[in-house]
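Comments concern the structure below.
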Amino acid sequence: MSVVEMNVSGQTKARADAKPILELQGLSKSFGAINVVKDVSLDVWPGEFVSLLGPSGCGKTTTLRMIAGFIAPNEGRIVLGGKDITEVPSYRRDVGLLFQSYALFPHMTVRGNVGFGPKMRGETSGVIADKVRWALSLVKLEGYEDRRPNELSGGQQQRVAIARVLAGGASMLLLDEAFSNLDAKLRGRMQEEVRELQLRLGIATVLVTHDQEEALAMSDRIVIMNGGKVEQIGTPKQVYSAPSSMFVADFMGRCNRIEGTLRQDRRAKAWYLDCGPSGTIKLETIPHPDAREGEECPVFVRPEHLRLTQSLENHEGEGLKGRIERVVYLGSRSVAYVTLEGNIPLQVHLPNKPGISDEFSIDRPVVVVPLPGAVTPLPE
Ligand SMILES: Nc1ncnc2c1ncn2[C@@H]1O[C@H](COP(=O)(O)OP(=O)(O)OP(=O)(O)O)[C@@H](O)[C@H]1O
Ligand SMILES: [Mg+2]
């Protein structure tokens, strides 16, 4: 791959000339008879933030530990900055690894922790002091040099761990569930801070996470893994709105599955999906190149791309009839659990706007109308 799409600040940049900083080429790893990483290939580009996302046990940490050099692959190669490092021991790899548990030295001060890498490399005390000052200023911890880890909050300990990795002079940052020990509010703040710092330093980063929102919020690209294999690689928008498999569609957020039969209105050049007793919905485009009338075509649609109305009027007869089973209030939105005629369950997100009382109450007949372009044929 010679071109990558980056979504930094929503921009799309073509990088035809750049070379990847990290190349994983057909990595596989077995523990005993069990193959936990299967033929994983990935290029990470300079300055890029890539997340490995997937359910527990899918091989994310194992992949990251192979990059760090703690585990040797059974097959495949790892190339860093154009050099094959597959056989290079971990301490001679130019990557900084940050664990969930921070792994700070408890008996050392902040200064000792952050200066550990440069000291081990035999730098002079002046250089070590400069690096410690630089790294602590990046994570906004000036003045904390003499504290020990047990005298710091969770967020501060995490900043020290990041400063230690940065002072170590790594050319890449590897983060394993680095935010999962923090409470929700602090987690969000640290995610923003780390992303801002990563962009400022332009340091390529691989984050392992099982948290979809974290991956969506932080990454230029996301690698979705399942059972040791790569399911899809794409920008947050690509993996969310154009998933390549049912697994990705489902893993990236709630996804409603609707079954129906295709019908074409040749005069209007439109395709419709007849969904039995609940009604008909319009498809914006031909569902796939070989689509034909009468074909069974399962589709998916996200709950936030559905609207509830009181009746089919004003919608040219397009919409699915059902009944609200329950409504769950979640602050910024509510979730309506609807059962369509024909007993098909659907979730619909209702944005909570000020001044609007509960418009839709339980047991009411409603019509579910998808937003234009929201209905997508299910991938294989
Ligand atoms: N040293 C090991 N020996 C044997 N099996 C291992 C070893 N390390 C990991 N595994 C197994 O390999 C599989 C993948 O583990 P891995 O830690 O990579 O998962 P993960 O995707 O990081 O999951 P989680 O989100 O739970 O951290 C799991 O089934 C795990 O039990
Ligand atoms: Mg893990």
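Structure notes:
- Residue order, fewest to most surrounding Cβ atoms within 10 angstrom, among L346, L186: L186, L346
- Shape call, the stretch 259-299: gyration tensor on alpha carbons, a/c limit 1.5: oblate
- 5 angstrom amide H check on A270, placed H, neighbours 5+ away: D265
- Taking amide H positions as modeled 1.01 Å from N, with prolines and chain starts lacking one, the residues under 5 Å from Q232 and 5 or more places away or on another chain are I224.
- In Hz, Karplus ³J(HN,Hα) per residue of the stretch 367-377 (6.51, -1.76, 1.60; θ = phi - 60°; x = Gly, Pro): 10, 9, 10, x, 5, x, x, 7, 8, 10, x
- Convex hull (Cα only) mean projected area of the stretch 143-190, reported in nm² to one decimal: 4.0 nm²
- The stretch 256-377: relative contact order in percent, alpha carbon pairs under 8 Å with at least 6 residues between: 30 percent
- Each principal axis of the Cα cloud of the stretch 256-377 was evaluated for its coordinate range; sorted largest first, these ranges are 46, 24, 24 Å.
- Interchain or long-range residues, amide H under 5 Å from W45's placed H: I21
- J(HN,Hα) series, the stretch 23-40, from Karplus relation 6.51 cos²θ - 1.76 cosθ + 1.60, nearest Hz, glycine and proline x: 10, 9, 10, x, 6, 9, 8, 10, 10, x, 8, 9, 8, 9, 10, 10, 6, 8
- Cross-link partners for K269 among the lysines, with Cα-Cα distance under 24 Å and sequence neighbours closer than 8 places in the same chain left out: K282.
- Pairwise Cα separations in the stretch 176-308 fall into 10 Å bins from 0 onward with the following percentages, short to long: 10, 31, 28, 16, 12, 3.
- Working note: Karplus 6.51/-1.76/1.60 with θ = phi - 60° gives the stretch 285-294 the couplings 10, 4, x, 7, x, 9, 4, 9, 4, x Hz, where Gly and Pro are set to x.
- Within the same chain, aspartates and glutamates fewer than 8 places from K140 are excluded, and of the rest, those with a Cα less than 16 Å from its Cα are D130, E192, E193, E196.
- Cα gyration tensor, the stretch 85-216 - rounded (a/c under 1.5), prolate or oblate: oblate
- R292/K229 FRET efficiency (R0 30 Å; Cβ-Cβ; nearest 0.05): 0.40
- Cβ-based exposure ranking for S41, S28, in which fewest neighbours within 10 Å come first: S41, S28
- Its Cα gyration tensor gives the chain an equivalent ellipsoid. The semi-axes, each the square root of 5 times an eigenvalue, are 47, 25, 17 Å from largest down.
- When the listed pairs K185/K321; K237/K321; K131/K229; K29/K131 are checked against a 32 Å cut-off, the alpha-carbon distance exceeds it for K185/K321; K131/K229; K29/K131.
- Taking every DSSP beta bridge that has both ends in the chain, the antiparallel portion is near 75%.
Where a number appears in this text, it was derived from the coordinates with a stated rule and is not lab data. Predicted model only: the values in this text are computed from it and were never measured. Heads up, the Cβs are rebuilt from the backbone with ideal geometry, glycines too, and the neighbour counts pull from every protein chain shown.
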